[in-house]
Amino acid sequence: MPRPRLRDNQGREPFELYPLGEVPATVLISIGKQMTYRYLVGQADISGGDWGNIFSTAISGEHLGAPFGLADVIYENMAWSVKSVKHNNPHRARVVRIISGRCSPDYSYGITNVRADIHRTGAAVLGIYNERVSLAKDKYEPLRISVIVRNINKLEFTLFELEIVRYSIQDYEWRLNKKNNLEGIDKISGTHKFTWQPHGAQLTIKYDIPASAQRFSVKRPPVLDFNETLSKIGFDDSWVTIL
């Protein structure tokens with residue numbers, strides 16, 4: 001649906017390449033083409049950087065060399081944090097865990113003993129994450145996360161996106177798990193939302209895959225004929241230099 005007209009939103013027309021969660025078929029086809037090519041040339045899997053390149057190419061955007069806050073891929077005033085998760089059955093996945101990046105309470109807040117007060121540490125971790133959101137939103141809006149759940153061998157994929165939001169620090173309590181990592185728990189629902197690892201300072205966020213997720217697969221391409229492929233690229237014996 002188009003943006004609603006309101007009396008108090010006059011002059012506010014943020015650019016939107018497409019509505020949230022409604023990734024165009026042309027973008028999905030471009031993603032499928034690029035995944036097929038990687039499979040065809042023997043690339044067994046893709047990295048997060050690969051997914052950033054694939055997604056930015058599909059939307060004719062720009063993949064930033066270094067993220068700006070949480071912005072990895074941009075198109076005019078829009079930005080996406082792009083993430084990729086491996087899964088045996090992407091079409092049946094319902095929840096995924098996403099590494100959002102490093103959050104160091106020591107560097108940002110001077111908290112050296114992170115287990116002395118885990119609630120203070122957890123609040124610091126979310127404070128760092130929220131600041132990254134604010135940094136990106138100061139320059140880009142809308143700001144979304146784009147996640148592809150993948151199985152390259154089967155060429156099966158689930159793609160979803162969500163608006164990136166700041167989290168209310170007061171809504172979560174923290175506990176230590178068996179690995180001595182911190183877990184952030186929603187106080188109302190009791191669900192596990194965050195995991196923070198003191199070693200490496202990585203913050204992981206759990207996302208429920210929304211109903212708007214787009215599931216698709218790509219036909220497995222035929223195996224390239226060895227001699228035919230070499231002929232098409234014009235290979236001859238002179239390409240080999242014996243030293």
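The condition of being touching a His at 6+ places or on another chain (Cβ under 9 Å) and over 15 Å from THR204 (Cβ atoms) holds for ALA93. Which ones in the range 98-128 are touching a strand residue (DSSP E or B) at 6+ places or on another chain (Cβ under 9 Å), under 15 Å from LEU176 (Cβ atoms) and outside any helix (DSSP H, G or I)? Passing the criteria: VAL114, ARG115.
Residues checked against (1) crowded, with 20+ Cβ neighbours inside 10 Å; (2) in contact with a strand residue (DSSP E or B) (Cβ under 9 Å, 6 or more places away or on another chain); (3) farther than 23 Å from PRO222 by Cα:
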site	(1), (2), (3)
ILE31	yes, yes, no
LEU40	no, no, no
ALA44	no, no, no
ALA58	yes, no, yes
GLU62	no, yes, yes
PHE68	no, yes, yes
ASN89	no, yes, no
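Would you list the strands (runs of 3 or more DSSP E) that sit entirely within the range 172-243 and hold 2 or more residues that are of a type outside the set (Asp, Glu) and closer than 20 Å to PHE160 by Cβ?
Numbers: elements: 172-176, 182-186, 192-197, 202-208, 214-217.
So the answer is 192-197, 202-208, 214-217.
Bear in mind that the values in this text are calculations on the coordinates, not laboratory data. Worth saying up front: this structure is predicted, and the values here are computed from it rather than measured. Note that each Cβ is placed from the backbone with ideal geometry, even for glycine, and that neighbours are counted across all protein chains shown.
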